[in-house]
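Please read the structure below before turning to the comments.
The values are calculated or read from the model by the stated rules, or taken from the named source; none is laboratory data. Just so it is clear, the structure is predicted and the values come from calculations on it, not from any experiment. Cβ atoms come from the backbone with ideal geometry, glycine included; neighbour counts cover every protein chain shown. Note: areas computed on protein heavy atoms with side chains; ligands, DNA, RNA excluded. Shrake-Rupley method; radii C 1.70, N 1.55, O 1.52, S 1.80 Å.
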Amino acid sequence: MNEISVQIKINNNNYERNIKPNTLLIDFLRDDLGLTGTHSGCDTSQCGACMVLHNNSAIKSCSILVAQLNNQEITTIEGLQDKDKLHPMQNSFRNNHGLQCGFCTPGMIISAISLFNENNDPTEDEIRKYLEGNMCRCTGYQNIVKSIEEGAKDMREKG
Amino acid sequence: MTKHDKNLKGITRREMLVGSAVAGTGLVVGYSGLPGAVGGAREALAAGSWDHQVFLTMDNAGIATVHITKAEIGQHVGTALAQAVAEELEVDWNDVRIDYPDTEEKWGFMITGGSWSVNWTFDRNSRIGASARIALIEAAAKMMGVPAAQCSASNSVVTDSVSGSSRTYSQILSTTTIDRTFSEDEMKALTLKKFGEYKVVGKNIPALDIPDKLIGEARYGIDVFVPNMVYGRLVTNPTRFGAVPLSADDSAAKSIDGYAGVAVIKEDPTGVNTGYVVALGETYWAAEKAAAAMKVTWDSGPNANTSSADIVQAAKDSIADESQGFTWVLEGDPEGAMSKADTTVEAEYETSLGYHGLMEPINCVAMESNGIWHLFTGSQFQGRFTAMTAAALGVDGKNVVLHQQYCGTGFGRRLEPDGAIISALAAQQIGRPVKLIYTREHDLRFDFHQTHTVQRVKAGVNSAGKIDAMSHVVAAGWATKRMAPGFLAESVDKKGKIDQFSTNGSDHWYDIPNHYVRSVENTTAMAATPPGQLRAVAPTWTWWANESFIDEVAHKIGKDPLDMRLSMLSATGKNAGTPPNTVGGANRLRNALIVAAGKSGYGVKPMPENTAMGIASVASQERGSPSWTAVVAEVHVDPSSGEPTLKKITVAMDVGTAVNPDGVLAQIQGSALFGSSRVLHENVTMTNGAIDQGNFDTWTPMRIHQAPEIDVTIIQNGHYPAGCGEPVVTCVGPAIANAVFNASGARVRSWPITAEKIKAAQRGA
């Protein structure tokens, strides 16, 4: 299979790589770049563990090719912090025990930020509806909702 | 009945060594091999002869690392176990770390399950902390030239109460040699703090694992990469168990870019399964394509004609045949009392095959290097993984090391070493490291499912409206017999061994003078659906039957189900309870029921139309280690469609002492929804030996928008800490079914509880 050249900005770092055209974003992140915080739970875009931010919106990295993102920018869970300072949404998940095993957590946090970018003051119902595609098998949903409510409030206040 | 009072009598048989090999190198705390066999802690460490269990290590900066031999599967139990040590060690919490060691004999028995972690280990870890503190105080007293008796420790500092001078733990550990042996009697005699005196235990300390999980730094098994590895992907066996590959033709796979070969395994001496075909690729993509292109001829094996209906029929037949199975409970004269009963009630309950549904599917990286096999994966039963992988490979168990990783959930699935064994066998065949990842379909179809169960319960009620006799037959696949036969229990009639972990819960805490429980192994289920342990295990089905049934009896004789339960919880005789685990006995269950009823507004709160509450209570997990739990479920049933909607769950749970209340709360909330999902949303079925469902489109657990409101009350009374990760799972099911009945008049006796079943029950079908 012939390789193609792509340029992609991930977490503010520019990458220029030759890749196979069928390379999925999730495999590129995990296998090529070692960014293993983005997780794969189903391969069929049903669990949401693989979400990353693209144009401020959550996308499922198991269902998009790197080639489709040529000259574009994405952010993964590893890129949310500002140096050692957690993103307010990460901080809120910490403060509200919004994670148990942690496998779904990167996708949850990315999805929550994506929701905030669309709706900066979501109701509990809106949060639950938006997060429908993010599965948590620890079923820690109660604290996840709480984390997102507080994280959104914090993001609103910080502007 | 079960007797699980493990480790509650403190450290037994062995001495505790607290010492350092060389001055200023910190401290190691652990068991000695044999008492008196080594000169002491210092000598054993210096000679390198200390090869037994180590619990705590401190370095010369005063950092205390508590070694956690449990799997981190989301329960954050390492933090609670470290809190127990830190409380008695009087260490500054900022200096506390945890780690998850690789397998080695010195770490002892490594298993995670049964809601045992805190319950089995709290007392031991408290004593470990106390012994280290005493050794540190004695060393500091010697440094200061004062009697140890006038010194005390707090916040990593030892202070002489007379002069006021002090030494920090770091100062002690960076200068002196510590060499202290505590005899078994001395360990038992240690005075530990009591409830009310705690400074670290009982605090909502954020879990030490959380920061790494928030920033993508936590490493799960699936995140492991080693040089020169290939990806492995299973070619799907035609049946869940028993198929053997006869040949694999890879001629089409050879043209795939990155194809790296195929491992055909026709025999696995461990019996995890009967054969595998693993397609290998330089990339995951290549392995996936190669698996699809592989032409395999299979012998489908002996289960190719087994379907769910056969498993159910086998259970029913074994229940009807009274010669089958063994007695688990026999009190009074059940037959005689039943024949004299005023009213009898009888019902049959089923639970469906259950899928663990790990977020992170089964995976393992297996690699051989200089004669040592390395397994990188998350495991809930490390010793079983290394021993069985060694057996499969034909190597000495000492030459297999498991490197423990974080687990994207566990629920008992990671007690099973299939991922490790298959990846290792493939690596052995191909001569390269193999990273095997189950696809979601393989994870679902080749799970060690929770067994399908059928139970028949019968009660004889006397003229005073009391249940005088009860008989209960449990037919299930016996997971323990398959995976850990050493844990089978003697039956009451001494006629044979019973899988206690397929039966417990039926030995409940109600006053039933004449009580009989028979436990039967469903051999059809055993053969076709190798059963595993799924979160909350047997109490999931035994309490489902029991608590649904108590409600049915109450309705039949016109009593309120709550009143009926309370009237049978007198806490007398065998239900009086004994310290430490069951002190208070049935009174504690009674109390939990009253709290849950009160908090939910049971019988008081106005309910919308077609909405009702249902109540249930359990003493899970085992009779010897109960967490006293009551649940009230509020359910709406749509009158036209029959669709049930779970509106609210109210939980009251007496855990004695909550070591980390916030951690307990998270476990209770999660288990409430996990159990509700199991009962309302999840189903697994079998046709011709194969599992029908394949992914999250056909196996559809509860999602966030379907989750009800949850109200939790954690009851603490200072009694010994009980487990909290599972019991609520066993209580929500019957509470929901009882609420469905109260809302719709439909009694559903099998899982999942669906609109169709509700409508059918309403029609009297």
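Extension gain for B:Lys495 to B:Gln716 (0.36 nm times residue separation, less C-alpha to C-alpha distance): 75.5 nm. Remark on the stretch B:402-542: ratio of C-alpha radius of gyration to 2.2 N^0.38 Å is 1.36. Fraction of C-alpha pairs exceeding 23 angstrom in the stretch B:186-342: 69 percent, rounded to a whole number.
Near B:Val400, the amide H atoms lying under 5 Å from its own belong to B:Trp373; only residues 5 or more places off or on other chains count, and H is placed 1.01 Å from N.
Enumerate the lysines that B:Lys495 could reach by cross-link, defined here as Cα to Cα under 21 Å, with residues fewer than 8 away along the same chain left out. Within reach: B:Lys3, B:Lys481.
Measuring nothing but alpha carbons in the stretch A:4-78 and taking Rh as the Kirkwood radius, the Rg to Rh ratio lands at 0.92. Each residue of the stretch B:667-677 was assigned a 3J(HN,Hα) from its phi angle through the Karplus expression (A = 6.51, B = -1.76, C = 1.60, θ = phi - 60°), giving 5, 5, 4, x, 5, 5, 6, 4, x, 5, 4 Hz with x at Gly and Pro.
Over the Cα atoms of chain A, what is the Rg over Rh ratio if Rh follows Kirkwood?
0.98
Take the Cα radius of gyration of the stretch B:616-765 and divide it by 2.2 N^0.38 Å, N being the number of residues; the result is 1.13.
Amide H to amide H, with H built 1.01 Å from N, B:Thr177 comes under 5 Å of B:Gly24, counting only residues 5 or more places away or on other chains.
Past the 31 angstrom mark, what percentage of all C-alpha to C-alpha distances in the stretch B:16-215 do you count? Across the stretch B:16-215, Cα pairs with separations above 31 Å total 15 percent. With N counted as the residues of the stretch B:301-419, its alpha-carbon radius of gyration over 2.2 N^0.38 Å works out to 1.68. Taking amide H atoms as placed 1.01 Å from N in the peptide plane, the amide H of B:Gly694 lies under 5 Å from those of B:Trp699, each 5 or more residues away in sequence or on another chain.
Extension gain for B:Arg97-B:Glu186 works out to 29.3 nm (0.36 nm per residue, less the C-alpha to C-alpha distance).
Evaluating 6.51 cos²θ - 1.76 cosθ + 1.60 at θ = phi - 60° for every residue in the stretch B:642-652, the Karplus couplings come out as x, 4, x, 10, 7, 8, 7, 10, 10, 10, 10 Hz, glycine and proline recorded as x.
For the stretch A:4-78, the fraction of 1.4 Å probe accessible surface lying on carbon and sulfur atoms is 38 percent. Note on B:Asp396: accessible area is roughly 90 Å² with a 1.4 Å probe, heavy atoms of protein only.
Pair-distance distribution of the protein assembly as shown: all C-alpha pairs, bin width 20 Å, starting at 0; shares per bin in whole percent are 14, 44, 35, 7, 0.
For the stretch B:351-471, the Kirkwood radius over C-alpha pairs fed into Stokes-Einstein at 10 °C and 1.306 mPa s yields D = 97 µm² per second.
Of all DSSP bridge pairs formed entirely within the stretch B:16-215, close to 85 percent run antiparallel.
Using alpha-carbon positions, what is the distance between the centroids of the stretch B:647-722 and the stretch B:565-596, in Å? Using only Cα atoms, the two centres lie 24 Å from each other. Full extension of the segment from B:Thr578 to B:Lys559, taken as 0.36 nm per residue of separation minus the current Cα-Cα distance, would add 3.8 nm. Ranked from largest, the principal axis spans of the Cα set of the stretch B:109-186 equal 49, 24, 23 Å.
Leaving ligands, DNA and RNA out of it, report the carbon-plus-sulfur percent of the accessible area of the stretch B:627-728 at a 1.4 Å probe. The computed percentage sits at 45. For the stretch B:46-153, the set of chymotrypsin sites (Phe, Trp or Tyr not before Pro) satisfying both a DSSP loop assignment and a count of at most 11 other C-beta atoms within 10 Å is given as B:Phe109.
Within the shell of other residues whose beta carbon sits under 14 angstrom from the beta carbon of B:Tyr438, the net charge comes to -1, with Lys and Arg scored +1 and Asp and Glu -1.
When every alpha-carbon pair in chain B is counted, what percent end up more than 42 Å apart?
Tail of the P(r) past 42 Å holds 34 percent of the pairs.
Entry note: the stretch A:88-158 has Rg to Rh equal to 0.91, where both radii use alpha-carbon atoms and Rh is the Kirkwood radius.
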